[in-house]
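The values are calculated or read from the model by the stated rules, or taken from the named source; none is laboratory data. What you see is a predicted model, and the numbers here were worked out from it, not measured in a lab. We place every Cβ from the backbone using ideal geometry, glycine too, and count neighbours over all the protein chains shown.
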């Protein structure tokens with residue numbers, strides 16, 4: 001995590017992207033710095049409360065288990081991710097940093113292990129590729145190995161920034177929110193030409209952050225610390 005912070009500082013100050021260590025790649029993946037939303041409109045997501053309790057176990061505020069719109073805060077997530085990793089190693093697991101997978105070991109059409117850029121070989125009965133959306137090298141390797149990849153529908157997102165005072169006045173119907181009300185939120189759901197348009201999450205007091213994974217890209221994400229009350233970022237998807 002410490003090395004990743006240095007790479008992020010360079011990205012924020014100079015715009016130089018380290019393809020191996022940035023907001024998307026590194027310990028914990030993109031979730032380490034993207035607090036996002038911890039709630040869902042769907043009732044098919046499994047035991048959500050169990051996940052919230054796990055976050056609380058590793059350092060999140062107790063309030064996330066009772067808030068309608070739980071929010072951990074980007075400034076707290078790196079410490080939580082580190083605590084989770086330490087629990088894995090304390091329980092006998094192993095984490096191999098800077099071990100980029102460059103090849104699969106195949107036996108009778110089954111993946112039985114991986115090889116890394118350093119020349120190390122890891123054998124396993126089961127291999128899980130938690131690639132996220134930007135691991136182009138892994139997708140190219142799957143294609144080269146003749147391993148079928150099934151595409152899935154995806155949502156295209158836009159980002160909108162509103163002054164928090166504007167949302168407060170619309171939701172609370174008052175000129176000034178005052179000190180006893182939390183920053184107001186809202187959600188948007190609409191059908192446009194047969195496609196669903198909906199707001200994904202809100203980040204009160206959010207910031208825009210560079211989320212490119214390769215030089216020459218322009219990619220942004222947004223997040224916020226807990227209890228922030230300045231501009232609000234809205235992610236809308238359709």
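Just to be sure before I move on: is residue 149 under 25 Å from the mean Cα position of the chain (by Cα), surrounded by 14 or more Cβ atoms within 10 Å (Cβ to Cβ) and at negative phi in the structure I sent?
No; evaluated as a whole, the condition is false for this residue.
In the set 31, 26, only one residue is part of a loop (DSSP other than H, G, I, E, B), touching a helix residue (DSSP H, G or I) at 6+ places or on another chain (Cβ under 8 Å) and closer than 23 Å to residue 212 by Cα; that residue is 26. Does residue 157 qualify as being touching a helix residue (DSSP H, G or I) at 6+ places or on another chain (Cβ under 9 Å) and either closer than 22 Å to residue 213 by Cα or in contact (Cβ under 8 Å) with a residue 24 or more places away in the chain (or both)? Answer is no for this residue.
Scanning the stretch 184-238 for residues that are assigned to a loop (DSSP other than H, G, I, E, B), surrounded by 15 or more Cβ atoms within 10 Å (Cβ to Cβ) and at pLDDT 80 or above gives 184, 185, 211, 212, 213, 219. Yes or no: the stretch 121-143 includes at least one residue that is exposed (fewer than 12 other Cβ atoms within 10 Å of the Cβ), modelled with pLDDT of 85 or more and at positive phi. The answer is no; no qualifying residue exists.
Conditions tested, residue by residue: (1) in contact with a helix residue (DSSP H, G or I) (Cβ under 6 Å, 6 or more places away or on another chain); (2) loosely packed, with under 14 Cβ neighbours inside 10 Å; (3) under 25 Å from residue 185 (Cβ atoms).
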{"residue": "66", "(1), (2), (3)": "no, yes, yes"}
{"residue": "77", "(1), (2), (3)": "yes, no, yes"}
{"residue": "85", "(1), (2), (3)": "no, no, no"}
{"residue": "88", "(1), (2), (3)": "no, yes, no"}
{"residue": "93", "(1), (2), (3)": "no, yes, no"}
{"residue": "101", "(1), (2), (3)": "no, no, no"}
{"residue": "104", "(1), (2), (3)": "no, no, no"}
{"residue": "111", "(1), (2), (3)": "no, no, no"}
{"residue": "114", "(1), (2), (3)": "no, no, no"}
